[in-house]
1. Restrict the check to the stretch 51-63 and report whether at least one residue is at pLDDT below 90, surrounded by fewer than 17 Cβ atoms within 10 Å (Cβ to Cβ) and in contact with a helix residue (DSSP H, G or I) (Cβ under 7 Å, 6 or more places away or on another chain).
2. Here's a check for you: in the stretch 185-216, which residue that is at pLDDT below 85 and in a loop (DSSP other than H, G, I, E, B) is surrounded by the most Cβ atoms within 10 Å (Cβ to Cβ)?
3. Give the residue, chosen from 77, 66, that is over 17 Å from residue 16 (Cα atoms) and either surrounded by 21 or more Cβ atoms within 10 Å (Cβ to Cβ) or under 15 Å from the mean Cα position of the chain (by Cα) (or both).
4. Out of all the residues in the stretch 92-107, which are in contact with a helix residue (DSSP H, G or I) (Cβ under 9 Å, 6 or more places away or on another chain) and either at pLDDT below 85 or surrounded by fewer than 14 Cβ atoms within 10 Å (Cβ to Cβ) (or both)?
């Protein structure tokens with residue numbers, strides 16, 4: 001039986017292109033998205049192929065790698081760039097952790113955040129989340145001790161962020177990605193096209209599952225398209241092992 005073995009936390013240092021050229025969305029090359037929630041992802045096949053090509057994973061033939069999913073997303077606020085997440089993201093991660101041997105206190109199911117609310121973690125005492133002129137009613141994470149313990153163990157405790165409602169999170173993520181205008185030369189013509197990208201400093205997670213011994217080197221690597229343009233530089237922030 002294969003269990004969720006290693007939880008990897010990633011951060012993209014530069015904007016990340018990992019799009020779906022077959023889509024007919026607003027950008028000619030939009031990011032791939034989960035069908036149910038419309039949240040952008042990076043498919044596990046892309047991640048595994050990149051790790052293998054750059055020799056950052058050994059014995060990769062017997063390793064299963066899940067999709068890279070967002071855990072913290074950077075957005076522009078009145079006080080600058082700020083991270084957000086939502087109950088759906090944290091609940092899903094907690095459910096996945098239940099299928100591993102990681103020592104976590106899974107207590108996410110009772111977490112509820114309404115559209116007008118935000119739960120702040122590791123922010124200034126008087127921090128108010130203001131997005132597009134809208135002020136959110138803020139709560140301190142100190143009131144959610146079990147949730148605080150869960151986040152600390154993830155290794156993302158040093159990043160100030162806010163937990164907003166699922167609907168607000170999905171709306172903000174889909175309206176704060178990068179849209180890069182590119183050009184493609186075809187014979188004597190130049191064709192402009194749009195490419196959607198994850199903004200720099202997005203925090204992702206992925207699971208590595210295996211019945212066999214393997215190693216992952218804790219280094220930066222390149223993922224996705226536009227390598228020669230410096231896109232898709234990824235840093236492994238944390239590796240949580242069973």
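1. yes
2. 214
3. Values: 77 fails: either surrounded by 21 or more Cβ atoms within 10 Å (Cβ to Cβ) or under 15 Å from the mean Cα position of the chain (by Cα) (or both).
Among 77, 66, only 66 is over 17 Å from residue 16 (Cα atoms) and either surrounded by 21 or more Cβ atoms within 10 Å (Cβ to Cβ) or under 15 Å from the mean Cα position of the chain (by Cα) (or both).
4. At the first step, the residues of the stretch 92-107 found to be in contact with a helix residue (DSSP H, G or I) (Cβ under 9 Å, 6 or more places away or on another chain) are 93-94, 97, 102-107.
Passing the criteria: 102, 103, 104, 105, 106, 107.
The values are calculated or read from the model by the stated rules, or taken from the named source; none is laboratory data. Note that the structure is a prediction, hence the values are computed from the model and not measured. Using ideal geometry, Cβ is built from the backbone for each residue, glycine included, and neighbour counts are taken over all protein chains shown.
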